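Structure first, commentary second.
The values are calculated or read from the model by the stated rules, or taken from the named source; none is laboratory data. Bear in mind the structure is a predicted one, so any value in this text is a computation, not a measurement. When we count neighbours, we look across all protein chains shown, and the Cβ atoms used for this are built from the backbone with ideal geometry, even at glycine. Just so you know, the surface numbers come from the protein's heavy atoms only, side chains and all, with ligands and any DNA or RNA stripped out. Shrake-Rupley method; radii C 1.70, N 1.55, O 1.52, S 1.80 Å.
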Amino acid sequence: IQKPGSDMNHLAESDTIARYLLSEYSDLSPSFQPENPRSNQICRWHDVYLTPIQGCLYKPASRLPVGDYADRKSALKAFRKNLEIIEGFMSDDGVYLCGKEVSLADATLFPTAIFSNFMLPKFNSDGEEVSDPLPPKLSKWFHELRASDPVFTKVYDEIMEVLVHSWEEKNHRWDSIWLAGQRDTAPATIFDKIIAGEIPATIVKEDEHILAFKDINPMAPAHILVIPKDRNGLTNLRQASLEHTDILGRLLVAAGEIAKDESLGFGDGARIVVNDGPDGRQEVMHLHVHVLGGRKLEGKLG
C-alpha cells in the first residue's frame, strides 16, 4: 500500500498496513484494539509464518520455493499447521478472534482465510475425504463473521469475485499447478512396496526423503539404487520440474556419499546413471539413481 502524494514507502505486512490505516483514518473506524496482546500475537504470527508461504496455494513452479520450504508439498503442510497454531490463540467468547469486539487480528486474517477456504481443497489428494479446509474454531469464526458482519461480507464478495472469475474461470490458474490441477496418477511400483517394508531389501542408506538399497540384479560388484520415498510425480527424470529441485539434489548427494563408501565395495569412483523411459531402458517407473562401482567399469554409454 502507498498513499498518493505521500513520501511513505510501500508497506508490506498486513498488520503494518492495518495500523497505518488506523492512524490515517482513526475518526472513521472502530478502535480495532491495536494494543490487544491476543490480536497482536495473531497478527505477528500471520505475517511472520503464514504470509511468506501463502504462495504455495497459487504460485507456479517457476516462482518456487516459498519461504523456507523446498517444495510445494512441505509448504502446504506448514501452512495448514500454522493455521492450527493461530486457532490456538483465539478467544472462545464472541464472534471475533479476540472476543466481542473486532480487532486488527480479524482484519489481518480474514483475507487469508478466504484464500485458504477456496484454495486448500484444490490440493486434497484423490480419494481424500473433503473436509472443511480450515481448523474447526477458525472455520466457525470465518463463516459466522462472513454472515454477520456486512463489512467482512463485502470483503469476502470482492475477493471471491477475483478468485473465481479472473483467476479460475478466465486464467485457469490451477490447471498447471502441481498437486492441484496436476497430480501423480501413475500406478504404484515395486519400489512402493519396498518403501512400505512389504518386500525385503538390503537397505544401505535411509532418511525421511530417500532410500538406498542393493540392486537384486547387480551389474557391477557394487550396485546401489537410490530412490525418493515420495515419488511425487517423478516416474522418470523427464517429469522433473522446479517442484523437484530439492529431492533431485538429495538423490545426487546420497549417490555421491554411497560412491565413496568402501564398506559397500566401492573404490576410486563410481558410475552414476539415471535411466529414463523405454529408450533409456528404464524398468521401474519410479525415478531411481544407479550407483555402480567396485571395479574399473568398461564400455561406452549408449
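Here is how the numbers come out for the structure above:
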item	result
Residue pairs meeting the criteria (Cβ under 7 Å; at least 6 apart or on separate chains; first under 22 Å from ARG250 (Cβ atoms) and acidic (Asp, Glu), in region 266-283; second open to solvent by 70 Å² or more (accessible area, probe 1.4 Å) and in a helix (DSSP H, G or I))	ASP276/LEU237; ASP276/ARG238
Qualifying residue in region 225-240 (condition: among the aliphatic types (A, V, I, L, M) and more than 22 Å from ARG281 (Cα to Cα))	no
Test: residue in region 157-173 that is closer than 19 Å to GLU243 by Cα and either acidic (Asp, Glu) or touching a residue at least 40 places away in the same chain (Cβ under 8 Å) (or both)	yes
Long-range neighbours under 7 Å by Cβ, at least six apart or interchain, first residue farther than 18 Å from ARG80 by Cβ within region 130-156, second assigned to a loop (DSSP other than H, G, I, E, B)	GLU144/VAL95; LEU145/VAL95; SER148/VAL95
Lone unmet requirement of (1) buried (at least 16 other Cβ atoms within 10 Å of the Cβ); (2) modelled with pLDDT of 95 or more; (3) not in a loop (DSSP other than H, G, I, E, B) for ARG238	(1)
Enumeration of residues in region 79-106 that are of a type in the set (A, V, I, L, M) and modelled with pLDDT under 95	VAL95, VAL102, LEU104, ALA105
Options ASP175, ASP230: the member that is surrounded by fewer than 17 Cβ atoms within 10 Å (Cβ to Cβ), modelled with pLDDT of 95 or more, in contact with a helix residue (DSSP H, G or I) (Cβ under 8 Å, 6 or more places away or on another chain) and charged (D, E, K, R)	ASP230
Qualifying position, being without any contact (Cβ under 8 Å) to a residue 24 or more places away in the chain and either among the polar types (S, T, N, Q) or open to solvent by less than 70 Å² (accessible area, probe 1.4 Å) (or both), among THR189, THR202	THR202
Restricting region 241-265 to residues that are without any contact (Cβ under 8 Å) to a residue 60 or more places away in the chain, open to solvent by 10 Å² or more (accessible area, probe 1.4 Å) and not small (Gly, Ala, Ser), the residue that is farthest from ALA186 (Cα to Cα)	GLU262
Complete set of residues in region 107-147 that are polar (S, T, N, Q), at pLDDT 95 or above and open to solvent by 30 Å² or more (accessible area, probe 1.4 Å)	ASN117
Of the criteria (1) within 25 Å of GLN182 (Cα to Cα); (2) touching a strand residue (DSSP E or B) at 6+ places or on another chain (Cβ under 7 Å); (3) outside any loop (DSSP other than H, G, I, E, B), which one ALA212 fails	(1)
Residue in region 276-288 that is outside any loop (DSSP other than H, G, I, E, B) and open to solvent by 40 Å² or more (accessible area, probe 1.4 Å) present	yes
Of all residues in region 1-41 being touching a Leu at 6+ places or on another chain (Cβ under 6 Å) and among the hydrophobic types (A, V, I, L, M, F, W, C), the one that is modelled with the highest pLDDT	PHE32
Residue among ASP184, ASP246 that is acidic (Asp, Glu) and outside any helix (DSSP H, G or I)	ASP184
